[in-house]
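**Q** Okay, handing you the structure first.
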Amino acid sequence: MKGRKCPVCGKEVNGRSDKRFCSDECRIFYNNSLGRTRRARNRKQLSAIRSNIMELERANARFLLRTLSWISKVFRILCSFKKVSNERE
Ligand SMILES: [Zn+2]
């Protein structure tokens, strides 16, 4: 097959029909750069997961604060009922 070009350097590829690169150097360079992009993608996904976790923790903290303030409101209302009933006695 003629006219195949090495995806790294653009040189013509000679040899077996399934050969993709002109040399071992180009093949290794290509595979290394694939690993680099994969690692970069993993880093990106990890940082997205981390920021999701942080957002969930913030949401949890907000929920806890809201629940605590609700409980304290209910508690204050209950205490005021008790005061009223004490004053009646
Ligand atoms: Zn090449």
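The values are calculated or read from the model by the stated rules, or taken from the named source; none is laboratory data. Please read these numbers as outputs of a predicted model, since none were measured by experiment. Note that we place each Cβ from the backbone using ideal geometry, even for glycine, and neighbour counts take in every protein chain shown. We work out accessible area using only protein heavy atoms, side chains counted, and drop any ligands, DNA or RNA first. Shrake-Rupley method; radii C 1.70, N 1.55, O 1.52, S 1.80 Å.
**Q** Starting from the residue with the highest accessible area, list Thr67, Thr37 in decreasing order, probe 1.4 Å.
**A** Final ranking, largest accessible area leading: Thr37, Thr67.
**Q** Can I ask one more? In whole percent, what relative contact order does the chain give with Cα contacts below 8 Å and a gap of six or more residues?
**A** Answer for the chain is 14 percent.
**Q** Would you mind computing, in nm to one decimal, how far apart the modelled labels at Val84 and Arg66 are, each placed 7 Å from Cα along Cα→Cβ?
**A** In this crude spin-label approximation the distance works out to 2.8 nm.
**Q** Anyone know which of Leu64, Leu34, Leu78 comes out most mobile in the 10 Å Cα GNM of the chain?
**A** Leu78
**Q** Turning to a different aspect of this structure: Over the chain, with the other protein chains present, what is the accessible area per residue in square angstrom, probe 1.4 angstrom?
**A** 92
**Q** With label points built 7 Å along Cα→Cβ from the Cα atoms of Arg58 and Lys44, find their separation and express it in nm.
**A** 2.2
**Q** I would also like to ask the following. Given Ser72, Gln45, Ser85, which one lies farthest toward the positive end of the charge dipole of the chain, if we put +1 on the Cβ of every Lys and Arg and -1 on the Cβ of every Asp and Glu?
**A** Farthest towards the positive pole: Gln45.
**Q** Ignoring ligands, DNA and RNA, what percent of the 1.4 Å accessible area of the chain is carbon and sulfur?
**A** Its accessible area is 59 percent carbon and sulfur atoms.
**Q** Give me the number: length gained by fully extending Arg16 to Phe29, i.e. 0.36 nm times residue separation minus the C-alpha to C-alpha distance, one decimal in nm.
**A** 2.7 nm
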